[in-house]
1. Of the residues A158, A184, which is modelled with pLDDT of 85 or more, open to solvent by less than 30 Å² (accessible area, probe 1.4 Å) and among the aliphatic types (A, V, I, L, M)?
2. So, in region 110-146, how many residues would count as being open to solvent by less than 30 Å² (accessible area, probe 1.4 Å), closer than 20 Å to A168 by Cα and assigned to a helix (DSSP H, G or I)?
3. Which ones in region 222-260 are touching a strand residue (DSSP E or B) at 6+ places or on another chain (Cβ under 9 Å), of a type in the set (A, V, I, L, M) and in contact (Cβ under 8 Å) with a residue 40 or more places away in the chain?
4. Looking at E61, is it modelled with pLDDT under 80 and within 15 Å of the chain's Cα centre (by Cα)?
Amino acid sequence: MEPFTYQPPSGPISPTDGRGYGVWLKVGDMTDSQLTDVFVETADTLVGDFDVLEFLHVLTERCVELLGVSAAGLLLTDQQDSLQVVAASSERTRLLELFQLQTDQGPCVDCFRTGRPVSVTDLPAAQRWPRFTAAAAEVGYAAVHALPMRLRTEVIGALNLFDVQPGALDEGKLRIGQALADVATIGLLQHRAIRRGGILTEQLQTALNGRVLIEQAKGVLAERLQVDVSDAFALLRDGARSHNRRLSELAQAVVDGTEQLVPNVVPHPRG
């Protein structure tokens, strides 16, 4: 594919202003159609109604698929300007992100505070954030790349890429990762034609509250069906998609006991 150089947005962007993401990146093992599909998918947040939580989960999965990393996680701020975990491509990544926030130590926390990318190609060798590094090693991660979710001076979170092998991430892939983080940020900031800051705060808080419901529903399903939480989450997402419902709405029904989800296939028994 042709070389492609990414330039982050310097000002507000609307779905119709024509600027979009006409940016080029050089990534040899990635096809034009793969990139196009992902950016079209993320651009859907700019129009109509969409499920914020499902979108953010899909974003972490697409990062893993496109960038060749082992896992991805996403953090957003709440009404008190505190970071919260809202999406992760795997359960072990979600738990690592939670540990990072609890200890207030790690690359993703630093990325959010500075509004700048943080890349550590070899966590043990870097000798930074000792508690985070030890926790990352326990779940098999040796490198991390944190990308800010930022528009101008406003930072609302961080997109975090993890790898089981030490080493640098290709510059082109880092640019694609930042482009995806920027598109997601714009989608969150401008969803439903946001006109005042209070709407953004309310919207992000709603997403965070929904995250709590989803975690509760995962626990309910895991206990009722005797499966691990990853299978419980997959069942919850499949149910939301097949019935065209929001993840948080279905999670609330599961927690309330008004919805009984039945797996289509035999899930992995809980160990």
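The values are calculated or read from the model by the stated rules, or taken from the named source; none is laboratory data. Just so it is clear, the model here is predicted, and its values are computed rather than measured. Cβ sites come from the backbone with ideal geometry, for glycine too, and all protein chains shown count toward neighbours. Side chains included, ligands, DNA and RNA excluded: accessible areas come from the protein's heavy atoms. Shrake-Rupley method; radii C 1.70, N 1.55, O 1.52, S 1.80 Å.
1. A158 is the lone residue from the list that is modelled with pLDDT of 85 or more, open to solvent by less than 30 Å² (accessible area, probe 1.4 Å) and among the aliphatic types (A, V, I, L, M).
2. Qualifying residue count for the region: 5.
3. Residue satisfying the conditions is V227 alone.
4. No, not satisfied.
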